[in-house]
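In what follows, a structure is listed as structure tokens, so that the remarks can point back to it.
Read-outs: derived from the displayed coordinates by stated rules, not from any lab. What you see is a predicted model, and the numbers here were worked out from it, not measured in a lab. Cβ coordinates were reconstructed from backbone atoms using ideal geometry, including for glycine residues, and neighbour counts include every protein chain displayed.
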Amino acid sequence: MIRVVIAEDHKALIDGVKSFFDGNENIRIVDSATNGRELLEVLKYKRKLMPHVVITDIRMPIMDGISATKEIKKLYPKVNVLAFTMFDTHDTIERMLKAGAHGYILKNSGLMIMIEAIETVAKGKPYFDPNVLVKLEENRRKIKRMQPKKGVLSRREMEILELVAQNKTSFEISEILNIAHNTVKTHRRNMHKKLGLESRIDLIDYAKEHFYKF
């Protein structure tokens, strides 16, 4: 029997998921929470009978799903986390996976997908909603098209790009490189133009995907 705890700030959705799994011989919803802080309290209470899988929304009050996932993996590394959300942007998916989630499914994909995801994640294997896989593949192709010729960036821009890949903010970069914050912003704008990028997220994606190739 796979023990599951679900965190979701819409009680009606929790009730719907619980009702769906009533009578399921392999999966049991053992508890629920309406925010990340409450989720951690539930897990603390169930220390002697820890769930195998935590299903969590990303946007919740008090503590969001990303922050909660980080705490869960730090405190209970054997508990596998499955993201359950409407957010399908590459940045959100990446942040959730970096926090330690084993899987990512969308709320509009149906409960049969949830069953497959729970069973897969409970084994410690990754699971992605088919629609999420499409998003990740689209982003991979977009990043590949963005790749410029070697040497297009200056040495200082290369230094900044490396720090961007480490999720450093412009303020943090200015302190690390001992340069003005406005100087960092100017370099970032120049990089957007040189690389043909449109947004901050595009630059972060580019840095993480292609920095090592320069």
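Near the amide H of residue 33, within less than 5 Å, lie the amide hydrogens of 6, 7, 8, all on another chain or at least 5 residues away, with H placed in the peptide plane.
Given in Å, the Rg to one decimal and the Dmax to the nearest whole number for the Cα atoms of segment 44-123 are 12.1, 36. Simple rule: put +1 on each Lys or Arg Cβ and -1 on each Asp or Glu Cβ in the chain, find the dipole, and look at 5, 76, 19; the Cα lying farthest toward the positive end is 76.
Please give the length that would be gained between residue 176 and residue 13 if that part of the chain were fully extended, namely 0.36 nm times their separation in residues minus their C-alpha to C-alpha distance (nm, one decimal). Could you put the intermediate results ahead of the total?
Numbers: separation 163, 0.36 × 163 = 58.68 nm, distance 4.52 nm.
This chain segment gains 54.2 nm when fully extended.
Computed 3J(HN,Hα) for segment 80-95, one whole-Hz value per residue from the Karplus formula 6.51 cos²θ - 1.76 cosθ + 1.60 where θ = phi - 60°, is 9, 9, 10, 6, 9, 8, 9, 7, 10, 6, 4, 4, 5, 4, 4, 5, glycine and proline marked x. Rounded to the nearest 500, the 222 nm mean residue ellipticity of the chain from helices alone is -16500 deg cm²/dmol, with -39,500 (n - 2.57) taken per DSSP H run of at least 4 residues. Compared with the dominant Cα axis of the chain, that is its longest principal axis, helix 130-146 is turned about 10°. With contacts taken as Cα pairs under 8 Å and at least 6 residues apart, the chain reaches a relative contact order of 14 percent. Between residue 183 and residue 26, the modelled label-to-label distance comes to 5.9 nm, taking each label 7 Å out from Cα in the direction of the beta carbon.
For the chain, which longest stretch is free of loop sites, where a loop site is one of the GluC sites (Glu not before Pro) that DSSP puts outside H, G, I, E and B and that has at most 16 other Cβ atoms within 10 Å? Longest run free of exposed loop sites: 26-197.
Karplus-based coupling profile of segment 157-174, in residue order and whole Hz: 5, 4, 4, 5, 4, 4, 6, 4, 4, 9, 6, 6, 7, 4, 5, 5, 5, 4, with θ = phi - 60° in 6.51 cos²θ - 1.76 cosθ + 1.60 and x standing for Gly or Pro. Less than 5 angstrom separates the built amide H of residue 101 from none of the residues sequence-distant by 5 or more or on a different chain.
Determine by what factor the alpha-carbon radius of gyration of segment 1-60 differs from 2.2 N^0.38 Å, reporting the quotient. Before the final figure, lay out each step's value.
Details: Rg = 11.0 Å, N = 60, 2.2 N^0.38 = 10.4 Å.
Taking N as the residue count of segment 1-60, the ratio is 1.05.
Evaluated with a Cβ-only charge set (Lys, Arg +1; Asp, Glu -1), the chain carries a dipole of roughly 920 debye about its Cα centre, given to the nearest 20. Two decimals, Cα atoms only, Kirkwood Rh: what is Rg/Rh over segment 147-213? Reported Rg/Rh, Kirkwood definition of Rh: 0.92.
Backbone phi angles across segment 110-122, fed through the Karplus curve with coefficients 6.51, -1.76 and 1.60 (θ = phi - 60°), yield HN-Hα couplings of x, 6, 5, 4, 4, 4, 4, 5, 4, 5, 6, 5, 4 Hz in residue order; Gly and Pro are listed as x. Mean-square fluctuation check for the chain, GNM, Cα pairs under 10 Å: which of 194, 123, 44 is largest? So, out of 194, 123, 44, the one fluctuating most is 194.
Principal-axis analysis of the Cα atoms of the chain puts helix 65-75 at an angle of about 70° to the longest axis.
Note: the chain, Cα convex hull, 131 Å³ per residue.
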